[in-house]
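J.: Would you mind keeping the following structure in view while I ask a few things?
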Amino acid sequence: MATKTKEAPAAAAADAADDLGSRDRDLLLRIYRAMVLTRAVEDRMVAMYKGGDLLGSLYTGHWHEGISVGAASTLRADDYMAPIHRDLGAHLYRGMDAWQVMASFMGKATSPTGGRDGTLHYGRLDLGHYNLPSHIPANFPVATGMAFAAKYRGQDKVCLAFCGDGSTSRADFHEALSMSSVLDLPNVFVIENNQFAYSTPISMQSKSMQFSDKAKAYGIPGVTVDGTDVLAVHDAVAEGVERARAGKGPSIVEGITMRMHGHAEHDPADYVPPAMFEEWSKKDPVELFEKRLVAAGVIDQATAEDTRKQARQAAIDARKKALADPMPTAENIEDGVYAD
Ligand SMILES: Cc1ncc(C[n+]2csc(CCOP(=O)(O)OP(=O)(O)O)c2C)c(N)n1
């Protein structure tokens, strides 16, 4: 089965003759608000990292908002998701609270794992969000298992899994794809191509022209889209979700973007050529989508400013709550860690 590339040039973002009028307005607004909130929360968390609020390092998804929110916005509430460390947007879109993520990075007792996850590996099983395993992309075989469980139980649920470009070199990626494809499981696998796996550039990671080409090995569809165009991601993933729910098996969607911060906030990313940052700074997915909504008359400038103001306040309030929350105590620190 062929892989294809869907071009969605940034110039289209400001094109007044956009097709936004034919789309669900409420969905567009939900996507926009989630992207703005994600950026505000991550900017706040960077400040928190610098200010010493957090226990460990901080992994962010600047310029990944189009992929994480665009993909998550295709799911039903009862579907499953196996996100990675760049996918705050997917968590927030589907109901995770910003303070819970902050509480996780602080090891607080009120975080979804009660402070037991080593700060980064938060999830919400009640929302269908599987906790990120440390070893990447170990979430892919788990996503395959979740999809298998749904199919076995006769449920029409889909499991959406995310990984980075570097993760596609690992065995678990191929094992998951192999099993999911041969059993026609209801998976969509999203590859977040952000140009680097820690300091390794994509040219040293793969000979494939595009990461979605890896779909060919498994006889499934693979498509590459502009990951800074949230609607291009949404449409490509929606196609995969529809296919998966109809029992036709998995597919791969690659979104191309840039990791605009270091691997984590402790990493100054000196190995990235400055010209690359310069070039990609013109493709901020949040800004591009906002401009597009304003140009098409879906929102006006005042609404955009208000949305950003509210998101900033929500991030400030989330920090206050997370800071005030308690740490686990010596008496209960081992609860939930070991199986009885
Ligand atoms: C098996 C394994 N090896 C190494 C690591 C350390 N590590 C965490 S993220 C990462 C880079 C991942 O790159 P990529 O998959 O491209 O995702 P990105 O972080 O760029 O979004 C590495 C090497 C790990 N978590 N698991």
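The values are calculated or read from the model by the stated rules, or taken from the named source; none is laboratory data. Please read all numbers here as calculations on a predicted model, not as lab measurements. We work out accessible area using only protein heavy atoms, side chains counted, and drop any ligands, DNA or RNA first. Shrake-Rupley method; radii C 1.70, N 1.55, O 1.52, S 1.80 Å.
J.: Would you report the distance distribution of C-alpha pairs in the stretch 3-323 as whole percents per 20 angstrom bin, up to the bin with the largest distance?
T.: The percentages, shortest bin first, are 34, 61, 5.
J.: Separate question: With the other protein chains left in place, how much accessible area per residue, in square angstrom, belongs to the stretch 3-323 at a 1.4 angstrom probe?
T.: Accessible area per residue, the stretch 3-323: 40 Å².
J.: Kindly flag which residue pairs out of 283/320; 283/321; 50/320 have an alpha-carbon separation exceeding 22 Å in this structure.
T.: Table pairs above 22 Å Cα-Cα are 283/320; 283/321.
J.: Here's something else I'd like to know. Counting only helical runs of four or more DSSP H residues, what would the 222 nm mean residue ellipticity of the chain come to if each run contributes -39,500 (n - 2.57) and the total is spread over all its residues?
T.: Helix-only estimate at 222 nm: -12500 deg cm²/dmol.
J.: Right, next: Of all the accessible heavy-atom surface of the stretch 46-183, with the other protein chains kept in place and a 1.4 Å probe, what percent is carbon and sulfur?
T.: After summing per-atom areas, the C and S share lands at 55 percent.
J.: Which residues' amide hydrogens lie under 5 Å from the amide hydrogen of residue 224, considering only partners 5 or more residues apart or on another chain, with H built in the peptide plane?
T.: Close amide H contacts, sequence-distant or interchain: 4, 5, 6, 254.
J.: Taking all protein chains as present, what is the carbon and sulfur share of the accessible area of the stretch 217-340, in % to the nearest whole number, probe 1.4 Å?
T.: Working: 3320 of 6270 Å².
Looking at the stretch 217-340 in its full context, I get 53 percent from C and S.
J.: To continue, here is another question. Residue by residue through the stretch 231-238, which ³J(HN,Hα) values in whole Hz follow from phi under the Karplus form 6.51 cos²θ - 1.76 cosθ + 1.60 (θ = phi - 60°), with glycine and proline marked x?
T.: These are the phi-based 3J(HN,Hα) values: 6, 5, 5, 3, 5, 5, 6, 4 Hz.
J.: Quick one: order 146, 276, 81 from most to least accessible surface, probe 1.4 Å.
T.: Working: 146 30, 276 50, 81 0 Å².
Largest to smallest exposure gives the sequence 276, 146, 81.
J.: Excluding same-chain residues fewer than 8 positions from residue 151, which lysines have a Cα within less than 18 Å of its Cα?
T.: 248
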